[in-house]
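Read-outs throughout are calculated quantities, based only on the coordinates presented, and are distinct from any laboratory measurement. Keep in mind the model is a prediction, meaning the values are calculated, not measured.
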Amino acid sequence: MRNDSQRSLTVKEAYQAMYRFLDRWFRMTMNDEVAVLLSAMSTLSDGMTADPAIWSDWVDAVEQATTGVVDVGVHVGDDGEGLLTVEEAYRAMCQFLASWFNGTKDDEVLSLLGSLSALPDGMTTDPAMWEKWVDAVRDAKSGEVDTALRFV
């Protein structure tokens, strides 16, 4: 991973980047468990996630990625306006997926988590995954609406 210390992503943009990343991974693998997750992560016309618990889980993952602790008080704000670095958002995605994996125990998701893991030097075990993450972040920050993210 590259050390980008500039906080430039809102929590919502990081969520959108995670969705785009997972959607692209789903299109390559057609994994049923990820399809279910993407459905739950989709947003409704009011901006809320199809599964309300998903946003709470995401905020918890952001808290843990940025502070190392999950606090019920949620410092990042439920409005999703807290700022993250690209690396913090990546760690939040990994934390979110690890928590989600504990409920699914899906082998392909475990493989994905292995590819996303950080080595002691800070690089990912699969550098291509970092590049795919950066692409997803760039797309999320572009402001273009991802129609797959909307569930109307």
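Points worth noting:
- The stretch between D51 and D135 holds 27.6 nm of extra length on full extension. This uses 0.36 nm per residue minus the Cα-Cα distance.
- Calculated SAXS-style log₁₀ I(q)/I(0) at q = 0.09 Å⁻¹ - segment 9-141, Debye, Cα scatterers: -0.23
- For K12, the lysines whose Cα comes closer than 26 Å to its Cα, not counting residues fewer than 8 places off in the same chain, are K132, K141.
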